[in-house]
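K.L.:
Below: one structure in structure tokens.
The values are calculated or read from the model by the stated rules, or taken from the named source; none is laboratory data. Only a predicted model underlies this, so the values are computations on that prediction, with no experimental measurement involved. We place every Cβ from the backbone using ideal geometry, glycine too, and count neighbours over all the protein chains shown. Keep in mind that these areas ignore ligands, DNA and RNA; they rest on the heavy atoms of the full protein, side chains included. Shrake-Rupley method; radii C 1.70, N 1.55, O 1.52, S 1.80 Å.
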Number of protein chains: 4
Amino acid sequence: MQFLNKNENTNLKKEDILLFKHKVQVRVRTWEVDWQGIVHNSYYLRYMEIGRLEYRRAFGYNLSPDGTFTDGLKVFVVHNSVDYHNVAKLDDVLDVFTRVSWIKNSSFCFEHVIVNHKENIILSTGKGILVNVDFVSNRPVPFPETFVDEIKQYEIECNIMRE
Amino acid sequence: MQFLNKNENTNLKKEDILLFKHKVQVRVRTWEVDWQGIVHNSYYLRYMEIGRLEYRRAFGYNLSPDGTFTDGLKVFVVHNSVDYHNVAKLDDVLDVFTRVSWIKNSSFCFEHVIVNHKENIILSTGKGILVNVDFVSNRPVPFPETFVDEIKQYEIECNIMRE
Amino acid sequence: MQFLNKNENTNLKKEDILLFKHKVQVRVRTWEVDWQGIVHNSYYLRYMEIGRLEYRRAFGYNLSPDGTFTDGLKVFVVHNSVDYHNVAKLDDVLDVFTRVSWIKNSSFCFEHVIVNHKENIILSTGKGILVNVDFVSNRPVPFPETFVDEIKQYEIECNIMRE
Amino acid sequence: MQFLNKNENTNLKKEDILLFKHKVQVRVRTWEVDWQGIVHNSYYLRYMEIGRLEYRRAFGYNLSPDGTFTDGLKVFVVHNSVDYHNVAKLDDVLDVFTRVSWIKNSSFCFEHVIVNHKENIILSTGKGILVNVDFVSNRPVPFPETFVDEIKQYEIECNIMRE
């Protein structure tokens, strides 16, 4: 249920991928493809989530059994979106590119590009907005400076919008 | 991983739900909740897809074993997005509201509101854009008039943007 | 990836289904079918779990947000098995039959038959063994008499093997 | 919903794992753990399936887009079972061991052991029985000698029961 025409379905240029330093590979599994032999649209959110977790792991943080990272933050996903440009098929190896494109006081944005590794075709682009919250009240609280600094240092381009 | 503050996380007003004539119920299942006891963000795309299928079924069409509807159309999902306002929890009964908010020449937009049935709280809003394609070339083709007419007739408000 | 020959793949006779008083219906969803248009083998464990939850709900118990039932018991699944006799296909409506076939001191067995509702064909049979454990030590403890009594009263045939 | 006591829940001895030459690693993902922070019982069938696919890939065969392997065979899963001995938790790295334990005329058996890589604890054991079928009639047909020979050559111990 995704777009099959390979050349014109995204404004993203190949060069834009150079902004993404973080990459993780996943392989399309049998239960992820539907009756058309193509990956069901919901699995892209999971590929993107793998990208997000491995992105944070690359900073040296680990996932605790309670689901929080050892960076000491508690974050909620408040938005996800995916644009489907070309289809992923059974057994395809996918490159999931992830970057943080902006940080505000208490929220930030993950951007993703998913590429067919072998054919070097952009399959989908997506993003997620996450909010930093207080552990008890679950109300938005500003990110600590350390969080902002380490991402600013890592990313080639990241729009910091802090007051 | 979603937003927990119940009162201020959506601009959608309760009245706006009156625009949605189609509703289907789902129950949150054990494997859909994560370590926080709340529904994983990827499942909302599936709840929305259940809404879309049942919406078309309400017009008298059925799903063929090959995954196409008996309306004779072949459509691709080219975009999905979800805004998470409040969390769905284990065993919650959810009302999935679905409407078609606009139709262009060869694409249209499904909008969704997902509501906790018992507590009457908006949990998430979302939308998907689908494109009508030729069965062989997979290239966009205009919707037949019958498709546009039957939706126009059904919906309280639907923006028709046909040339 | 399941067996397609309809007449000879199970020893279960139609009459045997009469032993199953509890039934719940599920509909096969788009993401559950694989590239062959048939339900992936892992989803049968989920259909069976829906059967188990609704079986307990039929006794008046509810699922708490923490995943335990209001019957005050904590149980672990220690075994699951499925025999695939015929395939379930996209959009099929399935009858999931569930019964408790035996109860020992601290374990009991759920048996299931999954039937294509429209065609009245047995698709799969399965079972699960669950163990009652102490909330703190997670060690097996005997079921309370009330649990055994209410199931004995409900089931047409249930082998009680208590010492 | 699995058994938590680590020392006594399986008869499988550590030495038995020496019979398994094939191993593949998976990492437990966020959506695979339930409200207890442990992997939902249905995902073990998927870990086992990853083991099966990679086992065949190790023989040099690939998965075609239509879901069949380039070994030219069409096989159906007719049985799956899992015994849960200890729990897998969020972010655990699992070793999935796979072997073919027996081959009959037109069926064979995959056996699996799933081990927590870091803690070296057996989490679950399982098996699946698959049947070789004719591409058109879907009726069981004997395996070609090449299939039997290459597995016999690879496995340390495999019970060949051919007539």
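K.L.:
Taking the label point as lying 7 angstrom from Cα along the Cα-to-Cβ axis, what are the distances from B:Phe135 to the corresponding position in the remaining copies, in ascending order and in nanometres?
P.N.:
Those separations, rounded to one decimal, come out as 2.4, 6.0, 6.0 nm.
K.L.:
Hey, another quick one. Using 27 Å as the Cα-Cα cut-off, could you pick out the over-long pairs in A:Lys127/B:Lys21; A:Lys14/A:Lys152; C:Lys13/D:Lys74? Before the final figure, lay out each step's value.
P.N.:
Working: A:Lys127/B:Lys21 30 Å; A:Lys14/A:Lys152 23 Å; C:Lys13/D:Lys74 29 Å.
Among A:Lys127/B:Lys21; A:Lys14/A:Lys152; C:Lys13/D:Lys74, the Cα-Cα distance tops 27 Å for A:Lys127/B:Lys21; C:Lys13/D:Lys74.
K.L.:
Still on this structure, please answer the following. Subtracting the Cα-Cα distance from 0.36 nm times the residue separation, let me have the gained length for D:Phe59 to D:Thr146 in nm, one decimal.
P.N.:
Details: separation 87, 0.36 × 87 = 31.32 nm, distance 1.17 nm.
Fully extending the segment from D:Phe59 to D:Thr146 adds 30.1 nm.
K.L.:
Averaged over its residues, how many other protein chain Cβ atoms are within 10 Å of peptide B:77-87's Cβ atoms?
P.N.:
Average per residue, whole number: 6.
K.L.:
Can you tell which of A:Asn62, A:Asn41, A:Val82 lies farthest toward the positive end of the dipole of chain A, using +1 and -1 charges on the Cβ of basic and acidic side chains (Lys, Arg; Asp, Glu)?
P.N.:
The residue sitting most towards the positive pole is A:Asn41.
K.L.:
Distance from the Cα centre of the range C:37-85 to that of the range B:28-46, in angstrom?
P.N.:
Cα centres, the range C:37-85 to the range B:28-46: 16 Å.
K.L.:
For the protein assembly as shown, give the magnitude of the charge dipole about the Cα centre (Cβ charges: +1 Lys/Arg, -1 Asp/Glu; no others), in debye to the nearest 20. The partial results should precede the final answer.
P.N.:
Numbers: 80 positive and 88 negative charges, 0 e Å.
For the protein assembly as shown, the charge dipole is close to 0 debye.
K.L.:
By the scheme Lys and Arg +1, Asp and Glu -1, what is the net charge of all other residues having a beta-carbon under 14 Å from that of B:Val82? Mind dumping the intermediate values first?
P.N.:
Working: positive: A:Arg46, A:Lys127, B:Arg46, B:Arg52, B:Lys127; negative: A:Glu49, A:Asp83, B:Glu49, B:Asp83, B:Glu111.
After counting each charged neighbour, the total is 0.
K.L.:
Can you give the angle from 0 to 90° between the axis of helix C:43-57 and the longest principal axis of chain C, with both taken from C-alpha atoms, to the nearest 10?
P.N.:
Its long axis makes an angle of about 40 degrees.
K.L.:
Counting Lys +1, Arg +1, Asp -1, Glu -1, what net charge surrounds C:Val141 among other residues with beta carbon under 10 Å of its beta carbon? Numbers along the way, then the final one.
P.N.:
On the way: positive: C:Lys74, C:Arg139; negative: C:Asp134.
That works out to +1.
K.L.:
Let's see if you can work this out: charge +1 on each Lys and Arg Cβ, -1 on each Asp and Glu Cβ, no other charges. What is the dipole magnitude of the range B:14-160 about its Cα centre, in debye to the nearest 20?
P.N.:
Details: 17 positive and 20 negative charges, 26 e Å.
Magnitude of the dipole: close to 120 debye.
K.L.:
Once the Cα atoms of helix A:145-154 and of chain A are each reduced to a long axis, what angle between those two axes, in degrees from 0 to 90 to the nearest 10, is obtained?
P.N.:
The two axes meet at around 40 degrees.
K.L.:
With every protein chain left in place and a probe of 1.4 Å, what is the accessible surface of A:Thr146, to the nearest 10 Å²?
P.N.:
Result for A:Thr146: roughly 100 Å² accessible.
K.L.:
Based on the Cβ-Cβ distance of A:Asp66 and D:Lys23, what FRET efficiency does E = 1/(1 + (r/R0)^6) give at R0 = 25 Å, to the nearest 0.05? Show your work: numbers first, answer last.
P.N.:
Numbers: r = 29 Å, r/R0 = 1.17.
FRET efficiency, A:Asp66 to D:Lys23: 0.30.
K.L.:
Given a 1.4 Å probe, how much area per residue of the protein assembly as shown is accessible, in Å²? Intermediate results must be reported in sequence, preceding the final value.
P.N.:
On the way: 26390 Å² over 652 residues.
Solvent-accessible surface per residue comes out at 40 Å².
K.L.:
Tell me the total accessible area that D and C bury against each other, 1.4 angstrom probe, in square angstrom rounded to 100. Please report the intermediate quantities before stating the final value.
P.N.:
Working: alone 9220 and 9250 Å², together 15340 Å².
Heavy-atom accessible area buried at this interface is about 3100 Å².
K.L.:
On the accessible surface of the protein assembly as shown, probed at 1.4 Å, how many percent belong to carbon and sulfur atoms? List each step's numbers first, then the result.
P.N.:
Details: 13250 of 26390 Å².
Summing carbon and sulfur atoms, their accessible area is 50 percent of the total for the protein assembly as shown.
K.L.:
Another question about this same structure. Could you work out the mean count of beta carbons from other protein chains within 10 Å of each residue's beta carbon in D:136-146? Don't skip to the end; give the middle numbers.
P.N.:
On the way: counts 0, 2, 4, 2, 2, 0, 0, 0, 0, 0, 0.
Mean number of neighbouring Cβ atoms from other chains: 1.
K.L.:
Could you work out the mean count of beta carbons from other protein chains within 10 Å of each residue's beta carbon in A:42-53?
P.N.:
Values: counts 12, 3, 3, 9, 7, 1, 2, 7, 3, 0, 1, 4.
Counting Cβ atoms of other protein chains within 10 Å of each residue's Cβ and averaging gives 4.
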